[in-house]
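Written out below as structure tokens is the structure these notes cover.
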Ligand SMILES: Cc1cc2nc3c(=O)[nH]c(=O)nc-3n(C[C@H](O)[C@H](O)[C@H](O)COP(=O)(O)OP(=O)(O)OC[C@H]3O[C@@H](n4cnc5c(N)ncnc54)[C@H](O)[C@@H]3O)c2cc1C
Ligand code: SF4
Ligand code: FES
């Protein structure tokens, strides 16, 4: 197999419901004794990486896992709040694999590969079974059965959750599965190690150069296959809900070695985040989408009220019901507050741009729980035979119920904003949250580099141009537990006689040398500005010109701006400390250098896509009502091949053909 | 506001450390504590000095990375939060703040305010799992109903973020709260039953081997735990431990 030969993806024959089963029946297997002769590197221990590492080790492969935090348990997945989808139909509300598949493809605005999405829906139920078997404490009802909640963009309740800490519980489950394999010696864990480059031998991925972040030493690690599970690149915007260390570097390094990068411009801007409070801000905090189950989003209907609120003369609770504009309920009566994220975010921006925003900055809308508290309080009063006409009592009871559902989120909000959300509505504004784009992969989750795989948020698959809530956790665990462990065997079956890959070869030496050179360049640079200065500058260009709505003129300017920031970065960046020992600024410099290249490709991709779809909104392409206008001509995955610099990247199109779903206008009215 | 900072600086695990004085000015009360340190670090970098190293990642109280001893208290003066959730509105102009790493024999210092908590990981390797393979044909998730009360308690115990504040708060540097939280989670769930006795024995023995101290029931851990992990978990673990060793 040669580089790029697997493009466009070939998927198994047969009806969509049977493809995955028939694939599994036909692929090559590696026998258990031979698995012991095969090494696999997994970069990243979030949900995708941890589940993959554990499952591959259970199968008998020798796994080496890497993460930059001090423990696999701290990967960014830990922060996921709201839940994980599965088509269990426990609620009996008509859910099925097909419906989950359909919702996901439609939610992604028809820009995802049908076969992959169907497989995802098909294994979703297994994920819940597996996690429960591991001891993941999901929320339960009084009958002892698993509880579900609803998320945006769907009409069923299929989201499993563990309070507002679902990601934490799922990751700790996967971490426990890893721990079992670490104890058996089947996983060797490299904490505080950063992958610096991929090593190719005869065109195949055969290892990585990693940096020990404590000593600063560069290390060579070899394997028969390399799995990238390094998460998303939302931090290209500087401010996002991602963890501070989340980065694109592992994905970008393999891109530069031949892995094509797909749909970089598909980014999710999440509607319910705590608004920016000032220039010092280092990151943004999400308020889980689950809050939209009970919170109603509004702004004042009168501009003068909005002004009075901004200047502190009026309180939101003083505005009469009839003077409030519940704009999502108004524009999208069928889905109301539970429209998909891209739709909700744009609607909030539209109101704020029109002058109805609240908060001192004018960039916020309200998320209000008052009516939910009354509704729940009344119900509780009735059930417990108390006076349901006593307003104070009803409110008290309602508050208790809201607290059991969202207590930790309310507490988090209060700590950050210093306002009590039980008394006054929350203020929220959209923020960068997730990247649907990523490394292109085929049906096996292999990149265009033979033997190099990408899973979880790091790859581009399943979510098209917009991801539905609670589907990232599902995809990460599907990839790691149930897909990759099968598909990788299909490739490794040919490697059983290869033997250990030596690291004292020219390929490893060359890769190590180029990494060393870049690190020295940073340390020896005579600049005067810290890394963050450039990261912030890049983030501002991305948000202003490549953010929630985009247009050709701004995008062209963004490309130029980013190139200029990149040039300035290499001249002016100052990295203190030295090459040896722990040096966070040095690690950050490497990551920002990669963001500065990715950012340009991102803008270039957005410029190329002359349509609006999902999270990608081009002002030139909208319906008279201001909704996204898709274009059949762009019904493809844009996969970019690196060729020297981002400006020279070559576009490959994977045309998307919908056989099982009728491509319709995506309406949530 | 303007503040005086007294920060522990230590080049690496073998070097000798000391408290160094710094000043930061024009700090907004809306900033988080770590953002205040970002301001200090940007200033140090521009002056050609080495910034202060500290662990952090999520900055929203869930990853368990951040670990500062602020004015003698793990995660600082506010209750039920991590360092990254601490806001500067808890301080006032002119305050002097002492910032040190979490201190415990089992948590050696890596650099400045960064500690090595791999002992926690090793305790988990010893038994914090259910031995179930990924197969796709485990029984249906709803096949075994679990009493909501037990499930909720299991969740509460499982919400530990592995930060180590309990160890830093304890005069004996005991890890009992951390270990008991994990033991409790599994002890409360049907899935944890098969390996129940072996788990507690193995985890406790690894805990001792790592050099954590004994528990003398002072309760300091519970007070400083950002996730409100209850000390009743320690009582449960003690029962589990005695139970498994009587057999
Ligand atoms: C606040 C928040 C809430 C969310 N809530 C939900 C939700 O409720 N439901 C849902 O479905 N999704 C949610 N998401 C999205 C979801 O959490 C992520 O998409 C998902 O967890 C990504 O998992 P991952 O395994 O792909 O990567 P991550 O969890 O990001 O893990 C990346 C791993 O890669 C490692 N790594 C990265 N680069 C390198 C390198 N160069 N060398 C070595 N290691 C490296 C890191 O150490 C880490 O271990 C949420 C996201 C955020 C930000
Ligand atoms: S028990 Fe509490 S203090 Fe101890 S590690 Fe867990 S969360 Fe931190
Ligand atoms: S940085 Fe994650 S808990 Fe503080």
Check your understanding: Which one of B:78, B:95, B:116, B:43 is in contact with a helix residue (DSSP H, G or I) (Cβ under 7 Å, 6 or more places away or on another chain) and surrounded by fewer than 20 Cβ atoms within 10 Å (Cβ to Cβ)?
Key -> B:78
Review point. Is it the case that region A:183-194 has a residue that's part of a helix (DSSP H, G or I), touching a helix residue (DSSP H, G or I) at 6+ places or on another chain (Cβ under 8 Å) and under 30 Å from residue A:36 (Cα atoms)?
Key: yes
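Working carefully through the options B:165, B:154, B:187, find the one that is in the same structural domain as residue B:127 (by TED's automatic domain parsing) and closer than 19 Å to residue B:119 by Cα.
Matching residue, one of B:165, B:154, B:187: B:165.
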Exercise for review: Kindly indicate whether residue A:144 is out of contact with any strand residue (DSSP E or B) (no Cβ under 6 Å at 6 or more places or on another chain), farther than 26 Å from residue A:53 by Cβ and at the interface with another protein chain (Cβ under 10 Å from one of its Cβ atoms).
Suggested key: yes
Revision key, fill the gap. Within region B:14-26, of all residues that are within 14 Å of chain A (Cβ to nearest Cβ) and over 18 Å from residue B:68 (Cβ atoms), the one surrounded by the most Cβ atoms within 10 Å (Cβ to Cβ) is B:15
Practice item. Report, by residue number, each residue of region B:151-177 that is more than 20 Å from residue A:408 (Cα to Cα) and either near ligand 2 (Cβ under 10 Å from one of its atoms) or surrounded by fewer than 24 Cβ atoms within 10 Å (Cβ to Cβ) (or both). Key: B:164, B:166, B:167, B:168, B:169, B:170, B:171, B:172, B:173, B:175, B:176, B:177
Review point. Is it true that residue A:46 is buried (at least 23 other Cβ atoms within 10 Å of the Cβ), at positive phi and in contact with a helix residue (DSSP H, G or I) (Cβ under 8 Å, 6 or more places away or on another chain)?
Key: no
Check your understanding: Would you pick out the residues in region A:68-84 that are buried (at least 24 other Cβ atoms within 10 Å of the Cβ), outside any helix (DSSP H, G or I) and more than 7 Å from ligand 1 (Cβ to nearest atom)?
Key -> A:70
Exercise for review: Could you list all residues from region B:207-222 that are surrounded by fewer than 16 Cβ atoms within 10 Å (Cβ to Cβ) and within 15 Å of ligand 2 (Cβ to nearest atom)?
Suggested key: B:218, B:219
Exercise for review: Please state which one of B:55, B:21, B:93 is within 9 Å of ligand 3 (Cβ to nearest atom) and either outside any helix (DSSP H, G or I) or at pLDDT below 95 (or both).
Suggested key: B:55
Review point. In the list B:230, B:184, which residue meets the criterion of being within 12 Å of ligand 2 (Cβ to nearest atom) and more than 16 Å from the chain's Cα centre (by Cα)?
Key: B:184
Exercise for review: Output yes when any residue across region B:134-141 is over 30 Å from residue B:2 (Cβ atoms), outside any loop (DSSP other than H, G, I, E, B) and within 14 Å of chain A (Cβ to nearest Cβ), and no when none is.
Suggested key: no
Review point. Do we find that residue B:136 is more than 14 Å from ligand 2 (Cβ to nearest atom) and more than 30 Å from residue A:580 (Cα to Cα) in this structure?
Key: yes
Exercise for review: Please specify each residue of region A:274-304 satisfying the condition of being modelled with pLDDT of 95 or more, away from chain B (no Cβ under 14 Å) and buried (at least 22 other Cβ atoms within 10 Å of the Cβ).
Suggested key: A:295, A:297, A:298, A:299, A:300
Review point. Restricted to region B:60-75, and to residues that are crowded, with 24+ Cβ neighbours inside 10 Å and in a loop (DSSP other than H, G, I, E, B), which residue is farthest from ligand 1 (Cβ to nearest atom)?
Key: B:75
Practice item. Return yes or no: is residue B:98 in contact (Cβ under 8 Å) with a residue 12 or more places away in the chain and not assigned by TED's automatic domain parsing to the domain that holds residue B:26? Key: no
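The values are calculated or read from the model by the stated rules, or taken from the named source; none is laboratory data. Bear in mind the structure is a predicted one, so any value in this text is a computation, not a measurement. Using ideal geometry, Cβ is built from the backbone for each residue, glycine included, and neighbour counts are taken over all protein chains shown.
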